[in-house]
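Step one of this worksheet: look at the structure below.
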Amino acid sequence: MTKKPYYITTAIAYASRKPHIGNVYDPVLADAIARFKRLQGYEVFYLTGSDEHGQKIEEQARQAGLAPKAYVDKVAGIIRQVWDSMNISYDRFIRTTDADHEAAVSAIFKKLYEQGDIYKSAYEGKYCVDCESFFTPSQLGEGGVCPDCGRPVTDAKEEAYFLRLSKYSDQLRKYYEDNPLFFAPESRKAEMLNNFILPGLEDLCVSRSSFKWGIPVSFDPDHVIYVWIDALSNYITGIGYHPDHPAEQFNTFWPADLHVIGKDIVRFHTIYWPVILLALGLPLPKRVLGHPWLLVGEDKMSKSRGNVLYADELAQLFGTDAVRYYLLSQMPFANDGSITHESLIGVYNADLANTLGNLVSRSVAMAVKYFEGKVSRPETYTESVDQDLIACGEKAYKTLCDRFEDLHVGDALAAVMDFAKRCNKYIDETEPWVLARDEEKKARLETVLYNLLEGIRRIGVMITPFLPETGEKIATALNVPAPEDLSGAEAPFGAVPGFAVAAVSPLFARIDAEETLKKLEAEEAARKKAAQSRDKAPEAGPCTIDDFQKIVMVCAQVKACENVPKSEKLLKFKLDIGDEERQVLSGIAKFYKPEDLVGKKLVLVKNLLPRKMMGLESHGMLLSSEKDGVLRVLTLDPETPNGAVIG
């Protein structure tokens with residue numbers, strides 16, 4: 001019998017830096033769903049990967065002294081390593097620099113242009129480098145900052161290609177109406193309608209000409225294809241789509257059953273992406289899950305705040321399944337979640353060590369102690385406490401399936417842990433240690449221990465999508481096959497004739513919270529101290545006055561200043577240095593408006609050899625200071641004569 005296909009994707013991670021724990025929720029959540037669907041018998045294809053083009057990456061590669069491809073090769077490797085540290089069972093890790101993806105995206109852009117869905121015009125507005133997004137002034141947040149990330153925006157004006165979003169507005173609204181499950185949570189639908197579609201969709205900029213790190217437009221190589229068509233198309237190129245020859249795999253798996261993304265990019269996946277698909281004549285995805293953010297305490301994670309946590313480092317401290325458990329159990333469906341070392345340790349001890357780990361350890365230990373590990377299935381169940389335990393197990397399985405169906409994955413996991421708590425309560429109710437004192441109650445004792453081991457076996461099956469290593473460890477502890485499907489939890493209670501178990505190590509050893517937190521605080525203090533040392537001005541070796549006098553610095557007055565076309569970093573200066581005028585280029589455009597520098601007297605290193613930048617000659621270097629990535633030029637007393645030597 002042919003398995004029914006199920007296609008699930010995550011947002012692809014931007015290859016600018018190592019992803020933090022909040023970025024990892026996407027692939028962990030999708031992985032739990034993918035594993036559950038496999039256990040249900042579906043043929044699952046799980047796609048994740050890295051988004052590797054764009055201006056921000058081009059700039060970071062330049063700062064790192066690397067070619068963009070070398071830079072993203074390094075970062076994509078780190079992303080994949082972090083995903084692997086979380087035991088993500090992806091079927092393909094796509095990179096937007098993959099040859100098949102780039103070829104398909106180039107063909108998609110050309111097809112949309114030739115059929116009139118993409119046209120050439122010019123863009124003028126505000127641009128956020130970090131989000132790689134354009135905004136109109138009315139869309140900016142308070143203080144004129146990016147509404148998505150809160151960072152400053154820059155003025156942008158350039159020739160570009162645009163996608164006709166407005167053309168497909170009515171079709172998009174009808175799809176929303178005809179597919180009520182498209183949005184999860186459902187509240188995301190109102191956000192898209194009220195904030196974007198009902199006010200009127202503006203056509204979308206889909207090319208850039210001010211940087212080069214991207215897929216070139218095949219018929220206009222001065223332009224590169226912008227992130228929306230490039231990155232979003234990975235969902236179809238990753239399974240073999242090409243507009244001229246789609247692969248059989250694409251025909252099998254498309255449309256996607258579920259896109260798992262963060263709430264900050266719902267607009268791109270429920271407006272831009274569907275319009276691209278409508279223009280291509282392709283079916284739209286069935287569901288888009290826009291999950292909330294994971295905060296550190298009450299704050300968003302950022303390096304500037306010094307509150308970034310990394311999944312692979314947490315896994316080394318607490319174990320992969322412990323980190324997965326925290327993410328899947330503590331993240332609400334619609335509201336933001338929170339993580340700290342303290343909260344992670346608290347949840348670990350309460351749920352994993354005390355509830356689940358303790359249940360397995362003492363149940364197996366009692367079976368070994370009282371029956372040498374060999375426990376047989378009882379003939380009948382007559383005690384009401386047994387019937388209640390069985391009913392609780394059946395309810396847990398039904399809730400598990402229902403909650404996965406409506407994508408409330410945290411509630412699905414809670415149902416499994418509720419059953420584990422019920423098993424612990426069953427121990428307290430039946431008191432096996434008391435039964436063991438009476439030889440006439442040995443049969444009852446065996447029934448109790450069988451019920452516990454059978455309950456644990458069912459927990460092992462149900463917990464496998466969330467904690468795959470733990471599911472395998474439970475199967476090993478009970479000497480039963482590792483779960484390959486859900487039959488072990490779906491079958492009637494007592495499906496196993498008996499158990500033959502041996503003593504096991506604890507699944508989750510309890511953590512000393514005070515000792516661990518002290519250790520983490522000491523490590524963090526050491527990291528901050530090292531970072532402060534790195535931020536200090538580098539100490540050069542000793543030099544002589546002769547060395548210093550080789551550098552000629554003079555007073556240079558700014559006669560004119562303007563932005564360099566096609567560069568968001570460079571300003572072009574016309575400088576009066578007394579006996580001549582100089583043209584100098586300086587990478588400070590992010591920090592100054594050109595008109596604010598005209599008339600200023602700056603420090604110029606005069607005797608540097610000329611060099612070419614963006615095709616323009618730059619003869620000399622303006623001195624500036626740097627702190628936390630912010631550059632400020634050095635200015636002189638206004639009375640300093642132009643050309644006066646400094647030193």
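The values are calculated or read from the model by the stated rules, or taken from the named source; none is laboratory data. These figures come from a predicted structure and were not determined experimentally. Heads up, the Cβs are rebuilt from the backbone with ideal geometry, glycines too, and the neighbour counts pull from every protein chain shown.
Selection over region 1-30 of residues that are within 22 Å of W273 (Cβ to Cβ) and of a type in the set (D, E, K, R) gives a count of 1. Is it the case that some residue within region 486-509 is in a loop (DSSP other than H, G, I, E, B), in contact (Cβ under 8 Å) with a residue 24 or more places away in the chain, of a type in the set (G, A, S) and within 21 Å of L327 (Cα to Cα)? Yes, region 486-509 contains at least one residue that is in a loop (DSSP other than H, G, I, E, B), in contact (Cβ under 8 Å) with a residue 24 or more places away in the chain, of a type in the set (G, A, S) and within 21 Å of L327 (Cα to Cα).
Out of all the residues in region 210-217, is one or more crowded, with 18+ Cβ neighbours inside 10 Å, modelled with pLDDT of 90 or more and of a type in the set (A, V, I, L, M)? Among the residues of region 210-217, at least one is crowded, with 18+ Cβ neighbours inside 10 Å, modelled with pLDDT of 90 or more and of a type in the set (A, V, I, L, M), which makes the answer yes. Just one of (1) over 22 Å from Q330 (Cα atoms); (2) assigned to a helix (DSSP H, G or I); (3) free of Cβ contacts under 8 Å to residues at least 24 places away in the same chain fails for G471. It is (1).
Entry remark, region 156-208: residues being in a loop (DSSP other than H, G, I, E, B) and either among the aliphatic types (A, V, I, L, M) or touching a residue at least 12 places away in the same chain (Cβ under 8 Å) (or both) number 12 in total.
Can you tell me which residue in region 299-317 is modelled with the highest pLDDT, limited to those that are of a type in the set (S, T, N, Q) and surrounded by 13 or more Cβ atoms within 10 Å (Cβ to Cβ)? Among residues in region 299-317 that are of a type in the set (S, T, N, Q) and surrounded by 13 or more Cβ atoms within 10 Å (Cβ to Cβ), the one modelled with the highest pLDDT is N307. Checked against the criterion of being at pLDDT 95 or above and of a type in the set (K, R), region 468-475 has at least one qualifying residue. Within region 1-29, restricting attention to residues that are part of a loop (DSSP other than H, G, I, E, B) and touching a residue at least 60 places away in the same chain (Cβ under 8 Å), the residue that is surrounded by the most Cβ atoms within 10 Å (Cβ to Cβ) is A15.
Residue-by-condition table, conditions (1) surrounded by fewer than 19 Cβ atoms within 10 Å (Cβ to Cβ); (2) free of Cβ contacts under 8 Å to residues at least 12 places away in the same chain; (3) in a helix (DSSP H, G or I); (4) among the β-branched types (V, I, T):
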site: V375; (1), (2), (3), (4): no, no, no, yes
site: T380; (1), (2), (3), (4): yes, yes, no, yes
site: V385; (1), (2), (3), (4): yes, no, yes, yes
site: L389; (1), (2), (3), (4): no, no, yes, no
site: G393; (1), (2), (3), (4): no, no, yes, no
site: D402; (1), (2), (3), (4): yes, yes, yes, no
site: D411; (1), (2), (3), (4): yes, no, yes, no
site: D418; (1), (2), (3), (4): yes, no, yes, no
site: C423; (1), (2), (3), (4): no, no, yes, no
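Among the criteria (1) touching a Phe, Trp or Tyr at 6+ places or on another chain (Cβ under 8 Å); (2) farther than 27 Å from Q81 by Cα; (3) surrounded by 15 or more Cβ atoms within 10 Å (Cβ to Cβ), the one L328 does not fulfil is (2). Run K120 past the list (1) more than 26 Å from the chain's Cα centre (by Cα); (2) surrounded by 20 or more Cβ atoms within 10 Å (Cβ to Cβ) and report the number of the one that doesn't hold. That leaves (2) as the condition not met.
Can you confirm whether region 41-55 contains a residue that is out of contact with any Cys (no Cβ under 7 Å at 6 or more places or on another chain) and part of a helix (DSSP H, G or I)? Yes: one or more hits. Among the residues of region 565-621, which ones are more than 18 Å from A644 (Cα to Cα) and small (G, A, S)? Of everything in region 565-621, those that are more than 18 Å from A644 (Cα to Cα) and small (G, A, S) turn out to be S567, S586, G587, A589, G615, S618. For region 133-151, the count of residues that are polar (S, T, N, Q) and crowded, with 19+ Cβ neighbours inside 10 Å is at least one. Scanning region 318-348 for residues that are within 22 Å of V461 (Cα to Cα) and not aliphatic (A, V, I, L, M) gives G319, T320, D321, R324, Y325, Y326, S329, Q330, Y348.
For the structure I just gave you, tell me whether G214 is among the small types (G, A, S), more than 24 Å from C128 (Cβ to Cβ) and in contact with a helix residue (DSSP H, G or I) (Cβ under 9 Å, 6 or more places away or on another chain). So G214 fails the test.
Can you tell me which residue in region 338-352 is farthest from the chain's Cα centre (by Cα), limited to those that are surrounded by fewer than 20 Cβ atoms within 10 Å (Cβ to Cβ) and hydrophobic (A, V, I, L, M, F, W, C)?
A350
Looking only at residues that are part of a helix (DSSP H, G or I) and more than 17 Å from R362 (Cβ to Cβ) in region 425-446, which one is nearest to the chain's Cα centre (by Cα)?
R444
Select from region 222-254 the residues that are hydrophobic (A, V, I, L, M, F, W, C) and part of a strand (DSSP E or B) and write down the one among them that is surrounded by the fewest Cβ atoms within 10 Å (Cβ to Cβ).
Going through the qualifying residues, I end up with V224.
When region 72-108 is filtered for residues that are touching a residue at least 60 places away in the same chain (Cβ under 8 Å), charged (D, E, K, R) and part of a helix (DSSP H, G or I), the ones remaining, listed by number, are D100, E102. Please go through region 109-155 and give me each residue that is over 22 Å from G200 (Cα atoms), touching a helix residue (DSSP H, G or I) at 6+ places or on another chain (Cβ under 9 Å) and outside any loop (DSSP other than H, G, I, E, B), ordered by number. Scanning region 109-155 gives F109, K111. Just one residue in the set A526, A477, A522 is out of contact with any Ser or Thr (no Cβ under 8 Å at 6 or more places or on another chain) and either surrounded by 15 or more Cβ atoms within 10 Å (Cβ to Cβ) or in contact (Cβ under 8 Å) with a residue 60 or more places away in the chain (or both); that residue is A477.
Residue check: Y46 meets all listed conditions (1) touching a Ser or Thr at 6+ places or on another chain (Cβ under 6 Å); (2) surrounded by 23 or more Cβ atoms within 10 Å (Cβ to Cβ); (3) not β-branched (V, I, T) but one, namely (1). Based on this model, can you work out whether P378 counts as touching a helix residue (DSSP H, G or I) at 6+ places or on another chain (Cβ under 6 Å), farther than 30 Å from L289 by Cβ and modelled with pLDDT under 95? It is true that P378 is touching a helix residue (DSSP H, G or I) at 6+ places or on another chain (Cβ under 6 Å), farther than 30 Å from L289 by Cβ and modelled with pLDDT under 95.
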